[in-house]
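Reading through the structure tokens given below for one structure.
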Amino acid sequence: MSTKTALTYADYAAIPADGLRHEIIDGEHIVNPAPNLYHQHVSRHLQHQLLMEIELKGFGIVVNSPVDLQLGPHESRF
């Protein structure tokens with residue numbers, strides 16, 4: 001049984017800006033490497049399709065990363 005306290009968005013927001021990709025997953029602090037070129041290529045194509053089908057048709061907005069995303073009390077992504 002773990003006695004470690006699950007981290008929250010407040011903990012995530014207190015992480016100093018150091019240029020790394022920080023996430024809180026299941027209450028645990030994770031640092032990930034930057035995406036590779038293939039990931040960025042696919043991301044660009046997906047974003048274009050989302051822009052065409054969502055934003056230009058008035059259903060919502062499409063944003064680029066990085067942007068804070070809080071999925072739950074113990075799930076924060078940057």
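Every number here is computed from the coordinates shown, using simple stated rules; none is lab data. Since we're looking at a predicted model, the values are computed, not measured. Cβ sites come from the backbone with ideal geometry, for glycine too, and all protein chains shown count toward neighbours.
Points worth noting:
- Residue check for PRO73: within 16 Å of the chain's Cα centre (by Cα) and loosely packed, with under 11 Cβ neighbours inside 10 Å: no
- If you go through region 1-29 and keep only what is within 16 Å of GLY72 (Cβ to Cβ) and not in a loop (DSSP other than H, G, I, E, B), you end up with TYR9, ALA10, ASP11, TYR12, ALA13, GLU23, ILE24, ILE25, GLU28, HIS29.
- When region 30-58 is filtered for residues that are farther than 30 Å from LEU7 by Cβ and part of a loop (DSSP other than H, G, I, E, B), the ones remaining, listed by number, are LEU56, LYS57, GLY58.
- Members of region 38-53 that are surrounded by 13 or more Cβ atoms within 10 Å (Cβ to Cβ) and farther than 28 Å from TYR9 by Cα: LEU51
- Subset of region 59-75 (residues that are in a loop (DSSP other than H, G, I, E, B) and touching a residue at least 60 places away in the same chain (Cβ under 8 Å)): PRO73, HIS74
- Sub-7 Å Cβ pairs linking a first residue in region 26-37 that is touching a residue at least 40 places away in the same chain (Cβ under 8 Å) and surrounded by fewer than 11 Cβ atoms within 10 Å (Cβ to Cβ) to a second residue that is of a type outside the set (Asp, Glu) and not in a strand (DSSP E or B), at least 6 apart or interchain, are ASP26/HIS74, ordered by first then second residue.
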